[in-house]
1. Working carefully through the options A:Leu48, A:Leu21, A:Leu79, find the one that is among the hydrophobic types (A, V, I, L, M, F, W, C), within 26 Å of A:Ala123 (Cβ to Cβ) and out of contact with any His (no Cβ under 8 Å at 6 or more places or on another chain).
2. Exactly one of these conditions fails for A:Met159: (1) facing chain B (nearest Cβ under 9 Å); (2) under 26 Å from A:Gln20 (Cα atoms); (3) crowded, with 17+ Cβ neighbours inside 10 Å. Give me its number.
3. Can we say B:Leu193 is at the interface with chain A (Cβ under 7 Å from one of its Cβ atoms) and either aliphatic (A, V, I, L, M) or touching a Gly at 6+ places or on another chain (Cβ under 6 Å) (or both)?
4. Between B:Gly166, B:Gly177, which is at the interface with chain A (Cβ under 7 Å from one of its Cβ atoms) and within 20 Å of the chain's Cα centre (by Cα)?
5. May I ask you to list the residues in region B:62-74 that are surrounded by fewer than 19 Cβ atoms within 10 Å (Cβ to Cβ) and within 14 Å of DNA strand D (Cβ to nearest atom)?
6. Quick one: is A:Arg44 in a helix (DSSP H, G or I), more than 26 Å from A:Gly166 (Cβ to Cβ) and out of contact with any Leu (no Cβ under 8 Å at 6 or more places or on another chain)?
7. Restrict the check to region A:123-137 and report whether at least one residue is among the aliphatic types (A, V, I, L, M), modelled with pLDDT of 95 or more and in contact with a Ser or Thr (Cβ under 7 Å, 6 or more places away or on another chain).
8. Under the condition of being among the hydroxyl-bearing types (Ser, Thr, Tyr) and within 15 Å of the chain's Cα centre (by Cα), which residue from region B:35-80 is nearest to the other protein chains (Cβ to nearest Cβ)?
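The values are calculated or read from the model by the stated rules, or taken from the named source; none is laboratory data. Remember, predicted model here, so these are calculated numbers, not experimental data. Virtual Cβ from ideal backbone geometry, glycine too; neighbours counted across all protein chains shown.
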There are 2 protein chains.
Amino acid sequence: MPTLDNVSSATAAFGDKRAQLLRAAARCFNEKGYSGTSLKDVARLLGLTDAAIYYYIDGKQQLVYECYLHAADIGAHALECANTAGGTGLEIAHRYFSLHVAALCGDAGPVAIMSEIPALLPAHREDILARSRRHSRQFEAVLRRGIDDGSIIECDVRMTGNAIMGAINWIPKWFHGDATTAQHIEASFPDYLARGLAS
Amino acid sequence: MPTLDNVSSATAAFGDKRAQLLRAAARCFNEKGYSGTSLKDVARLLGLTDAAIYYYIDGKQQLVYECYLHAADIGAHALECANTAGGTGLEIAHRYFSLHVAALCGDAGPVAIMSEIPALLPAHREDILARSRRHSRQFEAVLRRGIDDGSIIECDVRMTGNAIMGAINWIPKWFHGDATTAQHIEASFPDYLARGLAS
DNA sequence: CGGAAATTTTAATGGGCATTAAAATACGGC
DNA sequence: GCCGTATTTTAATGCCCATTAAAATTTCCG
């Protein structure tokens with residue numbers, strides 16, 4: 001039984017299949033909710049038996065946790081990249097939208113919607129909530145920066161951030177992986193979301 | 001055992017408690033998902049036993065169905081009211097945002113997020129999906145009208161509509177009924193969402 | 001107060017699902 | 001072709017939950 005450490009060892013197979021598992025789980029969770037998907041559902045997508053999943057991961061709780069962790073990473077990474085490139089607040093926001101949306105529609109996906117946080121184990125829940133809050137605060141900081149530099153209209157950054165996060169978070173609910181829709185999303189979302197911010 | 005018909009009969013009590021039940025269920029569903037909430041969870045909110053729920057409704061399936069039906073009605077009604085008042089496409093859209101958001105935050109709520117459609121019985125699912133699709137198409141028609149009359153910028157109405165619906169649909173996920181937050185939502189969302197549409 | 005209708009509870013029943021252990025199979029190096 | 005390890009399956013186990021029927025309680029009208 002290989003551990004997580006030897007991802008780069010002789011067998012990339014284990015790590016690969018584990019990643020496949022996480023993606024299959026995210027897809028199921030988005031369609032039917034965490035509680036609504038049985039491990040048998042996830043297993044079927046991989047051509048496996050439900051019990052086989054335990055070879056790759058500790059249990060269902062660990063599965064959601066890692067899915068949510070991945071989702072949080074995707075968002076945090078997009079915002080971080082957008083920030084380091086610099087520019088006005090509006091430019092950073094627009095770039096963040098593009099990066100996050102592209103990640104949601106790209107190979108990293110499907111990314112799990114964090115829709116059943118109360119179902120997490122307490123320790124996991126607090127971790128995920130902390131990451132989620134941090135991401136919101138950091139995005140609000142971008143908005144405030146834009147207001148200060150005059151690129152973004154004066155607004156309630158908390159509420160405007162919530163609106164934007166809703167639009168983005170909802171994507172995995174209706175986007176199911178076809179490439180042409182992905183293009184439409186990437187072509188429309190960032191522009192629309194940023195237009196509502198412009199001063 | 002009163003039927004649904006005598007809502008206005010001697011006992012408004014039955015209808016009232018039934019409405020309470022639907023609201024409690026919507027709250028639970030939004031927090032923990034449909035599959036994640038047991039009837040005991042819903043019952044506890046009302047100070048009842050799980051079995052008592054069956055006095056008011058046929059079962060869990062019927063409960064979600066009616067919650068989703070209510071959610072669909074809220075949205076359809078908001079759009080209909082916004083439409084009949086007339087004006088440019090942009091004005092109608094803005095009015096619709098205000099009405100829908102106010103309904104989500106007001107006494108009609110909590111309104112259930114339609115997040116576990118696959119869990120519905122086939123007949124219920126098709127009904128809800130049809131309503132959902134119709135609502136989307138009607139909103140896209142408003143956008144097209146705005147593009148035609150010049151009030152709304154040229155855009156992919158399908159994608160822009162998806163972005164907007166996401167922002168609105170996500171509200172019940174983080175809004176939990178306090179009045180001051182409701183005011184902030186109603187003051188921020190319609191303006192932000194409409195600003196992204198303006199030509 | 002008394003009794004019928006309304007409301008709620010207690011007490012089954014059965015099914016689905018996460019989880020586990022042991023057995024079976026696939027697979028790569030020698 | 002053979003052996004040990006990796007992978008998967010089969011076969012339990014036990015819990016939680018939706019649902020139901022019957023009993024108990026409340027409500028309210030005469």
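1. Details: A:Leu48 fails: within 26 Å of A:Ala123 (Cβ to Cβ); A:Leu79 fails: out of contact with any His (no Cβ under 8 Å at 6 or more places or on another chain).
Criteria check complete, one pass: A:Leu21.
2. (2)
3. When the stated conditions are applied, B:Leu193 passes them.
4. None of the others qualify; the one that does is B:Gly166.
5. B:Gln62
6. Yes; evaluated as a whole, the condition is true for this residue.
7. no
8. For region B:35-80, the residue satisfying everything is B:Tyr68.
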